[in-house]
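One structure below.
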Amino acid sequence: MRRMDKEKQITPRQITSILASTIVGAGILTLPREVAAAAGSDGHLATLLGGILATLLLLLLTRLGLRFPQQTLMEYSDLILGRFLGKILSISFIIYWLLLAAIVVRIFGEMVITAVLTRTPLEVIIGIMLLLGAQLAAQELRVFARVHEILLILTFPLLLLLFLISARNVNLLHLLPVLAFGLLPVLRGALATSLSYLGIEIITMLVPYYTEQGQALKYHLYGAAVALVVYVTIVVISLGSFGADALQYLQWPTLEQIRIATIPGVLERLESVFIGVWVVVVFTTVGSLLLMVNLSLSHLLGWQKRNRLWHYLLILPMFFLARYPRNIVAVELYAGIISRAGLILITAAGGLLYLVALLRRLKGAGKENG
Amino acid sequence: MTQTKKPIRARELASQRKREEVLKEPPQELTGDLKADMALIKKLVHYSSDIVFREFALGTEERVEAGLIYADALVNKQVIDQDIMQGLMHWAGLVRAGQPLTRSNAFQYIEEYLLTIGEIKITGQVEEILGGILSGDTALLIDGSPQAYLTNTRSWAMRTPTEPNVEAVIRGPREGFTETLIVNLGLVRRRLKDPDLKVETFEIGKRTKTSVSLLYVVDIINPRIVTELRRRLKNISIDGIVDSSYVEQLIEDSTASPFPQIHSTERPDKVVANLLEGRAAIIVDGSPFALIAPAVWAQFFHSPEDYYERSQIGTFVRIIRLLSMFFSLTLPAIYIAFTSFHPEMLPIPLALAISGARSGVPFSPFLETLVMEIMVEILREASVRLPGPIGQTIGIIGGLILGDASVRAGIVSPLTVIIVAITAIGSFASPSYSSAIAFRMLRFPLMVLATTFGFYGVSVGLILITIHVASLDSVGVPYLTPYAPFMPEGQKDAILRLPWSLARQRAPEVKPQDKWRMPRPGKKGKKGGLDEENG
């Protein structure tokens with residue numbers, strides 16, 4: 001079997017980095033508004049709950065992936081569902097990832113042109129970001145993993161530092177009362193936040209490349225935990241700074257929150273720094289999505305290896321997809337649809353594949369080496 | 001070609017041609033006929049004037065013809081006169097053990113009784129004899145014998161070890177490598193008296209036949225590194241190696257990168273420290289710079305001094321260097337981004353001060369900074385080329401007067417001068433010259449990105465650099481270790497410089513066979529010392 005010779009090149013720590021930086025993407029901009037709308041002052045609880053739900057999904061995907069330690073999602077879905085249904089699943093995943101990457105890039109572009117580079121055409125911002133993502137995805141997998149690792153070390157502390165600076169404006173009274181409207185809004189909010197946790201499906205494509213699959217579960221949980229910490233911090237600070245009511249009317253609450261933050265006498269209005277960091281956050285997500293698209297595409301076309309050049313070709317359709325929504329309202333609308341569809345797709349595919357694999361007693365070749 | 005042509009006589013021309021004629025297929029071995037052999041070698045070196053041919057005779061019972069060949073400039077004449085010529089011509093007259101020197105026993109007799117020289121090689125291969133002569137050996141040919149002696153008489157003008165120029169330290173050894181391989185090997189061996197220190201010597205360069213030595217400590221280094229380096233050294237096929245940088249560029253992993261993937265140093269102490277870490281060193285004859293491989297990026301802000309000072313100082317200095325390297329890469333770009341795109345980020349008094357200083361300056365921040373940066377680069381290049389004191393003068397004139405005058409003339413703002421000066425000084429703080437150059441170069445594309453897209457552009461540029469650096473390897477070791485792949489043990493000697501008692505393991509980046517440089521904690525008994533006095 002040709003799958004047997006997959007080169008093991010991603011270390012456990014790199015798994016954590018890839019997972020964390022893929023999950024944390026465009027979501028951090030709008031998340032506080034969405035949870036505030038759904039759960040009011042319990043937004044942070046909703047975020048926490050959403051994270052836990054996402055982690056459960058992650059556990060399912062991990063179990064599934066480790067059942068087939070030599071294969072990616074595309075490969076074992078062929079095995080479990082048969083070639084035809086498997087292909088349909090692969091295609092729907094590819095479409096979903098393409099759309100998701102396009103919308104992430106578009107949201108990024110919208111924010112950059114409204115907040116900092118007001119006179120730069122949207123197309124230029126989007127184009128550069130896509131090229132940057134393609135440049136990352138086109139690297140060898142181990143280089144891809146190293147970039148994620150080093151950027152996580154460099155940017156996440158900076159991100160948390162920015163949030164801490166803005167924590168000066170937090171009034172914890174805004175977080176009260178706890179559970180004023182019962183559990184239902186929290187649940188609804190949790191569902192809304194789990195959209196921000198999209199990206200966990202990257203592990204399904206990378207499990208066969210792990211150097212130490214025995215530790216996969218542990219490091220997957222670490223990755224999810226990093227994302228959870230970032231998200232909860234953001235929501236707590238946004239809620240605490242603006243209050244749930246005002247928060248619902250802010251287009252990009254995270255940006256606003258950083259905008260009002262100052263280090264007295266040194267720096268003010270740190271949103272440019274934030275955008276500098278945010279470029280990294282979005283770029284890692286786009287790179288991961290592009291890599292997934294190309295990995296599955298090469299499988300679909302029956303190639304032995306992914307063609308590096310394809311990453312650059314793939315950004316063409318993405319560029320036009322990203323340009324398609326007419327304005328920011330349309331972007332938000334599409335973003336909601338795409339992420340909902342993605343959540344359903346991942347949950348359904350994960351659950352279905354795992355159930356059928358259990359029922360048909362299917363197991364991948366090769367044992368999990370620890 | 002402007003010289004007036006002198007008429008050359010036809011005969012002279014013919015003899016000239018004859019002298020420079022290249023033998024199509026020179027004979028492989030000596031014939032044993034002295035006259036013919038001497039003539040052959042004379043022809044093979046094209047009658048070069050620095051090769052000396054001396055014929056003489058010895059023998060007691062019968063006349064034995066002999067010939068000496070050596071390169072005038074590469075030999076110790078005293079050794080030739082006293083230990084070869086004198087022995088042969090003077091002492092050959094003595095009859096030892098009833099054995100007179102005759103034509104038939106001459107060859108063996110000379111080796112056993114007459115040549116008072118330690119290192120002798122016997123060979124009949126013409127090519128080997130030629131090679132020996134050209135590296136300072138003296139060839140001794142005896143009539144009637146198809147073999148010759150190659151005696152080691154090598155000696156040439158050499159520099160004695162002096163203080164390293166490029167990598168100066170305040171505290172630490174003052175010796176630096178010289179251009180002579182043997183001296184350099186001695187400098188290393190003297191510091192590392194370990195029988196497990198192995199020296200492998202290769203001859204590289206079809207014409208220069210340069211000796212290149214690969215050094216490593218057999219039971220520390222990862223054998224895969226040795227195999228890979230040996231393979232790469234053997235694969236070099238070039239006419240000449242003039243400096244160790246030739247070897248560096250021919251064996252490095254990626255030539256398309258501005259970042260050096262092999263470390264070069266002129267300090268023997270640094271080489272020894274790296275050998276002990278499980279790295280290999282390559283010393284090239286004729287170059288005072290030794291190469292150290294594999295190299296990781298973190299090494300380029302390390303200096304041997306970090307280990308000679310107290311560990312806290314070492315850590316502090318490393319952070320300073322890292323900062324200065326970061327400044328030398330990004331400061332102009334950040335300045336441009338601030339002034340042309342994001343003045344709102346600065347507190348109002350500062351923003352006002354900047355715009356006040358910039359008022360009346362006719363150029364955009366980018367143009368201003370670019371011109372000043374290029375001026376500094378020109379100054380730097382000029383002062384390197386000029387001899388010491390003049391170079392300093394140029395630096396002072398350039399730095400002080402030009403900067404001051406251009407501000408007074410209102411062409412650039414004082415702030416730009418400050419930024420450019422910090423950038424230039426920052427790039428000097430890097431202990432590795434070659435990595436400082438990489439940052440100096442990459443600064444310019446970053447400035448272009450900053451002036452087109454502000455901080456977004458700077459971010460994009462830095463990400464591209466990160467991707468590139470992450471994609472590099474040095475002899476199979478990822479360039480960004482111990483950060484990516486992250487190694488907790490490696491952090492003890494990366495930005496931090498922990499005291500030896502805490503960093504008992506060798507650097508894990510190069511995966512040494514023998515992990516521990518000090519015994520594991522708890523293995524040895526209690527420390528002696530003052531307590532014993534009390535008790």
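The values are calculated or read from the model by the stated rules, or taken from the named source; none is laboratory data. Only a predicted model underlies this, so the values are computations on that prediction, with no experimental measurement involved. FYI the Cβ positions are ideal-geometry reconstructions off the backbone, even for glycines, and counts take in every protein chain you see. Calculation scope for accessible area: heavy atoms of the full protein, side chains included, ligands and nucleic acids excluded. Shrake-Rupley method; radii C 1.70, N 1.55, O 1.52, S 1.80 Å.
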**Asked** In segment A:90-108, is there at least one residue being part of a helix (DSSP H, G or I), more than 29 Å from A:L300 (Cβ to Cβ) and in contact with a Pro (Cβ under 7 Å, 6 or more places away or on another chain)?
**Response** no
**Asked** Quick one: is B:V218 crowded, with 16+ Cβ neighbours inside 10 Å and not charged (D, E, K, R)?
**Response** no
**Prompt:** What is the number of the single condition among (1) modelled with pLDDT of 85 or more; (2) surrounded by fewer than 19 Cβ atoms within 10 Å (Cβ to Cβ) that B:N534 does not meet?
**Reply:** (1)
**Complete:** Among A:R119, A:R83, the single one that is free of Cβ contacts under 8 Å to residues at least 24 places away in the same chain, farther than 24 Å from A:Y209 by Cα and surrounded by fewer than 17 Cβ atoms within 10 Å (Cβ to Cβ) is A:R119
**Item:** Filtered residue count, segment B:24-65, keeping only those that are under 19 Å from B:M89 (Cβ atoms), among the acidic types (D, E) and in contact (Cβ under 8 Å) with a residue 60 or more places away in the chain
**Value:** 1
**Item:** Top-ranked residue of segment B:465-480 - restricted to ones that are at the interface with another protein chain (Cβ under 7 Å from one of its Cβ atoms) and part of a helix (DSSP H, G or I), ranked as nearest to B:T339 (Cα to Cα)
**Value:** B:T466
**Request:** Report the residue count in segment B:139-192 for those that are in contact with a strand residue (DSSP E or B) (Cβ under 8 Å, 6 or more places away or on another chain), of a type in the set (D, E, K, R) and modelled with pLDDT under 90.
**Result:** 3
**Asked** Yes or no: A:Y249 at pLDDT 90 or above, of a type outside the set (A, V, I, L, M, F, W, C), on the phi < 0 side of the Ramachandran plot and open to solvent by 30 Å² or more (accessible area, probe 1.4 Å)?
**Response** no
**Message:** Checking the structure you have, find out if any residue of segment A:214-227 is open to solvent by less than 40 Å² (accessible area, probe 1.4 Å) and touching a His at 6+ places or on another chain (Cβ under 7 Å).
**Reply:** no
**Matching residues in segment A:8-27 - criterion: being within 14 Å of chain B (Cβ to nearest Cβ), open to solvent by 10 Å² or more (accessible area, probe 1.4 Å) and of a type outside the set (K, R)** = A:Q9, A:T11, A:P12, A:T16
**Message:** With the requirement that a residue be among the acidic types (D, E) and open to solvent by less than 10 Å² (accessible area, probe 1.4 Å), what does segment A:28-75 give you?
**Reply:** A:D42
**Any hit, segment B:97-111, residues being basic (K, R) and over 17 Å from B:E55 (Cβ atoms)** = no
**Asked** Can you spot a residue in segment A:165-180 that is of a type outside the set (D, E, K, R), without any contact (Cβ under 8 Å) to a residue 12 or more places away in the chain and either buried (at least 16 other Cβ atoms within 10 Å of the Cβ) or away from chain B (no Cβ under 14 Å) (or both)?
**Response** yes
**Matching residues, segment B:355-391, being touching a residue at least 60 places away in the same chain (Cβ under 8 Å) and either within 14 Å of chain A (Cβ to nearest Cβ) or open to solvent by less than 30 Å² (accessible area, probe 1.4 Å) (or both)** = B:P365, B:T369, B:E373
**Asked** For segment B:444-463, what are the residues that are open to solvent by 30 Å² or more (accessible area, probe 1.4 Å) and more than 7 Å from every other protein chain (Cβ to nearest Cβ)?
**Response** B:F444, B:P445, B:V448, B:L449, B:T451, B:T452, B:L462
**Item:** Which listed residue, of A:I338, A:I346, A:I328, is open to solvent by 40 Å² or more (accessible area, probe 1.4 Å) and at pLDDT 85 or above
**Value:** A:I328
**Item:** Among (1) open to solvent by 60 Å² or more (accessible area, probe 1.4 Å); (2) part of a helix (DSSP H, G or I) - the single one B:F486 does not satisfy
**Value:** (2)
**Request:** Can you confirm whether segment B:402-421 contains a residue that is hydroxyl-bearing (S, T, Y) and within 14 Å of another protein chain (Cβ to nearest Cβ)?
**Result:** no
**Item:** Conditions (1) within 15 Å of A:V279 (Cα to Cα); (2) assigned to a helix (DSSP H, G or I); (3) not basic (K, R): number failed by A:E75
**Value:** (1)
**Asked** Among the residues of segment B:402-418, is there at least one that is under 12 Å from B:Y335 (Cβ atoms), part of a helix (DSSP H, G or I) and without any contact (Cβ under 8 Å) to a residue 40 or more places away in the chain?
**Response** yes
**Asked** Being of a type in the set (K, R) and closer than 24 Å to A:S296 by Cβ, is that true of even one residue in segment A:168-186?
**Response** no
**Members of segment B:495-514 that are in a loop (DSSP other than H, G, I, E, B) and surrounded by fewer than 22 Cβ atoms within 10 Å (Cβ to Cβ)** = B:I495, B:L496, B:L498, B:P499, B:W500, B:S501, B:L502, B:A503, B:R504, B:K511, B:Q513, B:D514
**Complete:** When every residue in segment A:114-136 that is at pLDDT below 90 and at the interface with chain B (Cβ under 8 Å from one of its Cβ atoms) is compared, the one farthest from A:G25 (Cα to Cα) is A:T120
